[in-house]
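Since the structure comes first, as structure tokens, the remarks are kept for the end.
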Amino acid sequence: MWQNPLNAIKDKQFALAEKGEANPYLPVDDEPKLTEEPGSLEHYKAAMLADINQLKQLKTLEAKAAAKTTMLKQYMAFVNGYVNAGENYPNSVAVQVAIWLFDVGDIAAALGVILPLIKQAIHHSPHNFDRPLEVFCCDATYDWAAALYRDNKTASPYLDTVVAEMEKGRWSLPVAVESKMYAMLAKHKKLAGEYETALAHCAKAEAVNPVGAGVKKLKEDIETAMRKLAATSSSSPGQATA
């Protein structure tokens with residue numbers, strides 16, 4: 001008996017479908033389904049990619065910072081959960097969030113994310129960065145602290161925290177980066193009147209970078225301030241005793 005060859009083709013295709021292959025006769029959605037589950041790393045990576053593309057359309061740093069401030073809100077619960085739970089897997093979303101927190105000037109939140117990431121030693125900077133995370137952390141903290149110093153405002157305790165982590169974590173840093181962190185902390189200690197501590201940090205800057213530490217004038221200023229303080233103290237009338 002003659003059989004329509006199209007029927008034979010259909011029978012073969014249905015048999016393939018039963019083995020797990022696509023059935024060409026079932027309707028197919030025009031739009032692809034998102035496979036990322038809400039709250040998963042992949043979900044936030046997709047959201048981050050969309051946000052980064054949106055930021056590329058903005059022309060000014062001010063506009064980008066304002067947009068980042070808004071965008072960060074959707075990521076903070078996920079990133080803080082990662083950090084607080086002691087999770088330990090490569091998390092590019094957390095890395096990008098830490099960078100954005102520095103960009104918008106939230107130093108406390110930025111350090112709360114980036115320092116645990118550096119300690120894990122499994123995270124990489126975004127592909128468009130030319131610095132590892134510990135160098136970026138130092139550079140960003142330095143710039144933030146330098147702006148405060150120019151306004152005679154303190155950078156404590158955050159600058160102190162980064163330098164302490166730099167020391168105990170034995171970060172692999174260029175000597176220029178390490179010495180400038182000590183020098184900046186010395187400036188802030190001078191500003192606070194903690195002259196002995198300031199000199200100690202100057203000494204550390206010179207120890208790691210003998211030629212380029214650039215703290216000679218700073219040391220002279222600190223020593224001058226110490227002499228003035230000592231002279232004032234010695235010339236002050238003592239309290240009368242009964």
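The table that follows gives values for the structure above.
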{"read-out": "Members of segment 119-145 found to be part of a helix (DSSP H, G or I) and either under 9 Å from the mean Cα position of the chain (by Cα) or of a type in the set (D, E, K, R) (or both), listed by number", "value": "Lys119, Leu133, Glu134, Phe136, Cys137, Asp139, Ala140, Asp143"}
{"read-out": "Some residue of segment 206-218 being within 30 Å of Val79 (Cβ to Cβ) and either part of a helix (DSSP H, G or I) or out of contact with any Asp or Glu (no Cβ under 8 Å at 6 or more places or on another chain) (or both)", "value": "no"}
{"read-out": "Subset of segment 142-153 (residues that are of a type in the set (A, V, I, L, M, F, W, C) and open to solvent by 50 Å² or more (accessible area, probe 1.4 Å))", "value": "Trp144"}
{"read-out": "Some residue of segment 86-102 being out of contact with any Ser or Thr (no Cβ under 9 Å at 6 or more places or on another chain) and under 30 Å from Leu191 (Cβ atoms)", "value": "yes"}
{"read-out": "Pair list, Cβ < 8 Å and 6+ apart or interchain, from segment 191-218 residues that are farther than 21 Å from Leu173 by Cα to residues that are of a type in the set (S, T, N, Q)", "value": "Leu191/Asn152; Leu191/Thr154; Ala192/Thr154; Ala192/Ser156"}
{"read-out": "Boolean, Ser156 is open to solvent by less than 40 Å² (accessible area, probe 1.4 Å) and under 19 Å from Ala200 (Cβ atoms)", "value": "no"}
{"read-out": "Residue list for segment 84-141, filter: surrounded by fewer than 22 Cβ atoms within 10 Å (Cβ to Cβ) and among the acidic types (Asp, Glu)", "value": "Glu87, Asp103, Asp106, Asp130, Asp139"}
{"read-out": "Residue, farthest from Leu159 (Cα to Cα), within segment 185-199, restricted to residues that are open to solvent by less than 60 Å² (accessible area, probe 1.4 Å) and of a type in the set (Lys, Arg)", "value": "Lys190"}
{"read-out": "Counted residues, segment 70-83 - those being part of a helix (DSSP H, G or I), under 17 Å from Ala50 (Cβ atoms) and open to solvent by 70 Å² or more (accessible area, probe 1.4 Å)", "value": "1"}
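The values are calculated or read from the model by the stated rules, or taken from the named source; none is laboratory data. Fair warning: this is a prediction, and the values are worked out from it, not measured in the lab. For neighbour counting, all protein chains shown are included, and Cβ atoms are generated from backbone atoms with ideal geometry for every residue, glycine included. Just the protein is used for accessible areas: all its heavy atoms, side chains included, with ligands, DNA and RNA removed. Shrake-Rupley method; radii C 1.70, N 1.55, O 1.52, S 1.80 Å.
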